[in-house]
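Colleague: Here's a structure for you.
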Amino acid sequence: MKFTILTYALLLFVAYCGKSSNKVLIVTRSNHELSATNTGNNNDTSIVDTSLYKQKLLQMVHGKPSAKWPVQTPLPLKGALLPFNRIVAYYGNLYSAGMGILGALPEREMLDRLQKEAENWNRADTSTPIIPALHYIAVTAQSDPGPGNTYRLRMPFQQIDRILEIAQKINALVFLDIQVGHSTLEQEIPALKKYLLLPHVHLGIDPEYSMKFGQVPCSAIGTFDASDINYASAYLAQLVRDHKIPPKILIVHRFTKGMVTNYKMVKTRAEVQIVMNMDGFGYPAKKINTYKYWIAGEPIHFTGFKVFYKNDVPDKKWPSIMQPAQILDLHPQPVYIQYQ
């Protein structure tokens, strides 16, 4: 079946069942700053500056290491972005305003709002450079079976190319996010190989829409096992080794215990930096509790935190959405921030 641009837009509008709020973009940095952090080609596969790495890990836990944090993992290869930088990302899809701010605002307005969020994070933590990112849903879960009964829809490459063009305007990273539906990571990740070979393109996977037990997406919360995460990280690690590109970042969304099973079996690698991203919405105490139990409480590598512009409900203590200073009080501090 041949999909036109209008067909994609209609399918996403009618069938997509994701959260109806917008994710926020990221920080601008100069070309010099980005090259200094090795977001481009890097044939040096030696490890990073170990003393600086340990210093940043200690800062991440407020100078108070515990039995769980920081996590003992292989030292990353040179060119790794974390924890030397903090990534602030806008999330969404160009075909749908309901999936996130990426598709909800005109490009220029979106980028302008990004600059303001970037300034907020720069003021809150002057010791950690901010890198902007566009987190694009490249494979969307669907309520309709579609071709092959996969309950997922792959975005056309021309739209991914458009995201790369927009990202280039602000020297931003790009994350390609996968909602597998009834498909698998083994089927979906290789389809994005040509993009994942680009040094500034990274990967996100969303267990919420991984329907291993045959449910229709959005009728239940899905799940990934450690074996799924290990497949994704192994695939990325192989790309890094074979093509001598900088380490990749793998974002894994989570807001319930069941979304990730056997977390202790997740393998960490020098070539891939795994970020467990707190993906729940609600009032601040609820979000903090989710972060405490299912992100910080089940440590894997690094942590992330999502802020919803529309779905995060204010209460008397927090009359607005959570601000950078409040998020930085978390233990450990998130190194990846996503706005929806």
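Colleague: What is the ratio of the Cα radius of gyration of the stretch 119-173 to 2.2 N^0.38 Å, with N the residue count, to two decimals?
Modeller: 1.66
Colleague: I'd like to know which of Ala141, Leu105, Gln159 lies farthest towards the positive end of the charge dipole of the stretch 68-163, counting +1 on Cβ of Lys and Arg and -1 on Cβ of Asp and Glu.
Modeller: Looking along the dipole axis, the top candidate is Ala141.
Colleague: Moving on to the next point. Using bins 20 angstrom wide from zero, how does P(r) for the chain break down, in % of all Cα pairs?
Modeller: Per 20 Å bin, starting at 0, the Cα pair percentages come out as 33, 62, 5.
Colleague: For an R0 of 35 angstrom, estimate the FRET efficiency from the Cβ-Cβ distance between Asp49 and Glu107 and round to the nearest 0.05.
Modeller: Once the sixth-power term is evaluated, E becomes 0.40.
Colleague: Using Cα-Cα distances under 8 Å and only pairs 6 or more residues apart, what relative contact order does the chain have, in percent?
Modeller: 21 percent
Colleague: Only sites in a loop by DSSP and with at most 12 other Cβ atoms within 10 Å count here; which trypsin sites (Lys or Arg not before Pro) in the stretch 268-318 make the cut?
Modeller: Lys316, Lys317
Colleague: Can you pull the one-decimal nm distance between simple spin-label points at Arg162 and Gln72, each 7 Å off the Cα toward Cβ?
Modeller: Output for this residue pair reads 4.9 nm.
Colleague: The stretch 271-340: Rg/Rh from Cα coordinates, Kirkwood Rh?
Modeller: Over the Cα atoms of the stretch 271-340, Rg/Rh equals 0.96.
Colleague: Another question, if that's okay. Treat every Asp and Glu Cβ in the stretch 74-159 as -1 and every Lys and Arg Cβ as +1, leave all other atoms uncharged, and give the resulting dipole magnitude about the Cα centre to the nearest 20 debye.
Modeller: 220 debye
Colleague: Which chymotrypsin sites (Phe, Trp or Tyr not before Pro) does the stretch 112-221 hold that lie in a coil by DSSP with at most 16 other beta carbons within 10 Å?
Modeller: Counting only loop positions with at most 16 other Cβ atoms within 10 Å, the chymotrypsin sites (Phe, Trp or Tyr not before Pro) in the stretch 112-221 are Phe213.
Colleague: Here is a follow-up. Loop-only check: which trypsin sites (Lys or Arg not before Pro) in the stretch 124-210 are DSSP coil with at most 12 other Cβ within 10 angstrom?
Modeller: Lys169
Colleague: Choose one answer from Ser143, Ser46, Ser210: the residue with the largest mean-square fluctuation in a GNM of the chain with alpha-carbon springs under 10 Å.
Modeller: Sorting by GNM fluctuation, first place goes to Ser46.
Colleague: Shifting gears a bit: Treating the beta-carbon of each Lys and Arg as +1 and of each Asp and Glu as -1, no other charges, what is the dipole magnitude of the chain about its Cα centre, to the nearest 20 debye?
Modeller: Dipole of the chain, to the nearest 20 debye: 480 debye.
Colleague: Give me the orientation-averaged projected area of the Cα convex hull of the stretch 122-213, in nm², one decimal.
Modeller: Directional mean of the projected Cα hull area for the stretch 122-213 stands at 7.6 nm².
Colleague: Something else about it: Give me Thr50, Thr303, Thr268, Thr140 sorted ascending by neighbouring Cβ count inside 10 Å, so fewest comes first.
Modeller: Thr50, Thr268, Thr303, Thr140
Colleague: What distance in nm separates the simple spin-label points at Gln238 and Lys267, each placed 7 Å from Cα in the Cβ direction?
Modeller: The two pseudo-label positions are separated by 1.1 nm.
Colleague: Same structure, new question: Would you calculate the separation in nanometres between label points at Gln187 and Gln326, each defined as 7 Å from the Cα along the Cα-to-beta-carbon direction?
Modeller: Those two pseudo-labels are separated by 4.1 nm.
Colleague: Moving on. Rank Leu58, Phe84, Ile130 by how far each Cα sits towards the positive end of the charge dipole of the chain (+1 on Lys, Arg Cβ; -1 on Asp, Glu Cβ) and give me just the farthest.
Modeller: In the chain, that residue is Leu58.
Colleague: Got the relative contact order for the stretch 259-340 handy, in percent, Cα pairs under 8 Å and 6 or more residues apart?
Modeller: So the answer I get is 32 percent.
Colleague: Which number do you get for Rg(Cα) / (2.2 N^0.38 Å) in the stretch 79-178?
Modeller: Dividing the Cα radius of gyration by 2.2 N^0.38 Å gives 1.21.
Colleague: What's the magnitude of the charge dipole for the stretch 92-207 around its Cα centre, counting Lys and Arg as +1 and Asp and Glu as -1 at the beta-carbon? Answer in Debye, nearest 20.
Modeller: Rounded to the nearest 20 debye, it is 180 debye.
Values in this text are rule-based calculations from the coordinates and carry no lab data. Please read these numbers as outputs of a predicted model, since none were measured by experiment. For neighbour counting, all protein chains shown are included, and Cβ atoms are generated from backbone atoms with ideal geometry for every residue, glycine included.
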